[in-house]
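The values are calculated or read from the model by the stated rules, or taken from the named source; none is laboratory data. Since the structure is predicted, the reported quantities are computational estimates derived from the model, not experimental observations. All Cβ positions, glycine included, derive from the backbone under ideal geometry; neighbour counts span all protein chains shown.
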Amino acid sequence: MSKHFETSAIRNQTERSQFSEHSTPLYLTSSFVFDDAEEMRASFSEEKQRNLYSRFTNPNTSEFVDKVVAMEGAETGYAFATGMSAIFSSFAALLNAGDHVVSCRSVFGSTHSMFTKYLPKWNIETSYFKVDEVDLVESLIQENTKIIYIETPTNPAVDILDLALIGQIAKKHNLIFIVDNCFATPYVQQPIKFGADLVIHSATKLMDGQGRVLGGVTVGSKDLIREIYLFARNTGPAMSPFNAWVLSKSLETLALRVEKHAENALKVAQFLEENEQVSLVKYPFLKSHPQYEIAKKQMKLGGNIVAFEIKGGVEAGRNFLNKIKMCSLSANLGDTRTIVTHPSSTTHGRLSEEDRLEVGITDGLVRVSVGLENVKDIIDDLKQALQ
Ligand SMILES: *Cc1c(COP(=O)(O)O)cnc(C)c1O
């Protein structure tokens, strides 16, 4: 029986124990026991599929992964301690020394550091295209290119990349197409439908949605995940069963939460578009968004991140943050609580102005992760801080 999205998120459940519990228990155990030598042999040789040791698999992490696999329309997956360990382990498992990566320049800060500081240690270079240079992607592909990597919507400028277009290019050149789908969530967008081979999430963000635990997950085809699993099994970046238990519960309400996040975010974006102190608003489902048509084609909703440009540059951006009363000044996103950040003086403060502008971070750019408070209170707070 093929289940709908919300049902998969709720009914993909670990087999009940002898206690017939309704909600999945927490399996805090490092290892699992065998009946006899033969069972132990068959399990270690993988003739028999079962849990052995929680660095490999655990009932809680498997339940969490099964849900994400169903939600993304993937074949299988593996759960990691953080989003960054999912990203790094996936690259480390699939690349060899001397390989080459093509990536959009607008990627999460630590992902960019992986490309510029760590992969070059193994002689793996990355060539970049900007969000408005998708027509350059083919010209960046070399004989040793193995992966094309993107995020959409991008952080923090909320630009949109055409998944189907990049998926076709990857297919034509036989490259592995990897998408960080963290900002959208599988409820809003399923990159595998558009040709992605692997989808990665920081589960820390909207998947948890309540700012409690860190986590990451990579899902995709059996062959690729097998390589990633073997790498992870030997190098140890596994998600903790406790975090998996929390995250699996969180996924049960993902659809509901994301619906409301997006409804609030659209209202916030519409309010900002009308405000005199604001010179530009970026939200995928605003008609004024430069890639509105692409967003409508590949996204079910506009997500929960709104970026806007405040008149008056860095000072105006910092003043705005200082006047905020209810919303949180914090680095996380996708929480029930609305969070505002000023990227040019914080998360991206160490970049040169040129590098910042390359990824769309102007001095007055503010990023809002719209939460689940009553939207009138969110707008009131933004309004008084803009005055
Ligand atoms: C937060 C984030 C990550 C990293 O995730 P962690 O769980 O913090 O390691 C990766 N990609 C995107 C788009 C993110 O927002």
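Hey, any hits in the stretch 241-264 for a residue that's outside any helix (DSSP H, G or I), under 26 Å from Arg55 (Cα atoms) and either of a type in the set (Lys, Arg) or within 16 Å of the ligand (Cβ to nearest atom) (or both)?
Quick first cut of the stretch 241-264, residues outside any helix (DSSP H, G or I) only: 252-253.
Next, only the ones that are under 26 Å from Arg55 (Cα atoms) stay: 252.
Now narrow it down to the ones that are either of a type in the set (Lys, Arg) or within 16 Å of the ligand (Cβ to nearest atom) (or both): none.
So far as the stretch 241-264 goes, no, none of its residues is outside any helix (DSSP H, G or I), under 26 Å from Arg55 (Cα atoms) and either of a type in the set (Lys, Arg) or within 16 Å of the ligand (Cβ to nearest atom) (or both).
Selection of first residues in the stretch 76-89 that are β-branched (Val, Ile, Thr) and of second residues that are assigned to a loop (DSSP other than H, G, I, E, B), restricted to Cβ pairs under 7 Å at least 6 apart or on distinct chains, gives the following pairs, ordered by first then second residue: Thr82/Thr204; Thr82/Leu214; Thr82/Gly215.
Name the one entry in Leu333, Leu301 that is in contact with a strand residue (DSSP E or B) (Cβ under 8 Å, 6 or more places away or on another chain) and aliphatic (A, V, I, L, M). If you could, list the steps in order and put the result at the bottom.
Details: Leu301 fails: in contact with a strand residue (DSSP E or B) (Cβ under 8 Å, 6 or more places away or on another chain).
Just one listed residue meets the conditions, Leu333.
Among the residues that make up the stretch 24-40, is at least one of them at pLDDT 95 or above, outside any loop (DSSP other than H, G, I, E, B) and closer than 22 Å to Thr204 by Cβ? Among the residues of the stretch 24-40, not one is at pLDDT 95 or above, outside any loop (DSSP other than H, G, I, E, B) and closer than 22 Å to Thr204 by Cβ, which makes the answer no. The residue of the stretch 310-344 that is farthest from the ligand (Cβ to nearest atom), among those that are over 19 Å from Arg212 (Cβ atoms) and small (Gly, Ala, Ser), is Gly312. With respect to the conditions (1) more than 13 Å from Ala265 (Cβ to Cβ); (2) under 22 Å from the mean Cα position of the chain (by Cα); (3) surrounded by fewer than 20 Cβ atoms within 10 Å (Cβ to Cβ), Gln387 falls short on a single one, namely (2). Evaluated against (1) in contact (Cβ under 8 Å) with a residue 60 or more places away in the chain; (2) away from the ligand (no atom under 16 Å from the Cβ); (3) surrounded by fewer than 21 Cβ atoms within 10 Å (Cβ to Cβ), Thr347 falls short on exactly one condition, (2).
Residues being within 16 Å of the ligand (Cβ to nearest atom), assigned to a helix (DSSP H, G or I), touching a Ser or Thr at 6+ places or on another chain (Cβ under 7 Å) and not hydrophobic (A, V, I, L, M, F, W, C): count how many of those fall in the stretch 49-88. Walk me through how you get there before you give the answer.
First, the residues of the stretch 49-88 that are within 16 Å of the ligand (Cβ to nearest atom): 61, 64-65, 68, 72, 77-88.
From what is left, the residues that are assigned to a helix (DSSP H, G or I) are 61, 64-65, 68, 72, 83-88.
So of that shortlist, the ones also touching a Ser or Thr at 6+ places or on another chain (Cβ under 7 Å) come out as 64, 83-84, 86-87.
Still in the running and not hydrophobic (A, V, I, L, M, F, W, C): 83.
Residues meeting the conditions: 1.
Of the residues making up the stretch 358-369, those that are over 14 Å from Arg318 (Cβ atoms) and out of contact with any Leu (no Cβ under 9 Å at 6 or more places or on another chain) number 1.
When the residues of the stretch 262-279 are narrowed to those that are closer than 22 Å to Val131 by Cβ and over 25 Å from the mean Cα position of the chain (by Cα), which ends up surrounded by the most Cβ atoms within 10 Å (Cβ to Cβ)? Here the answer is Leu272. The C-beta contact set for the stretch 177-190 (first residue among the acidic types (Asp, Glu), second residue within 14 Å of the ligand (Cβ to nearest atom), distance under 6 angstrom, 6+ apart or interchain) comprises Asp180/Glu151; Asp180/Ile200. Mind listing just one residue for me: the one in the stretch 280-293 that is in contact (Cβ under 8 Å) with a residue 60 or more places away in the chain and surrounded by 17 or more Cβ atoms within 10 Å (Cβ to Cβ) and, of those, nearest to Asn319 (Cα to Cα)? Filtering first and then ranking leaves Lys282.
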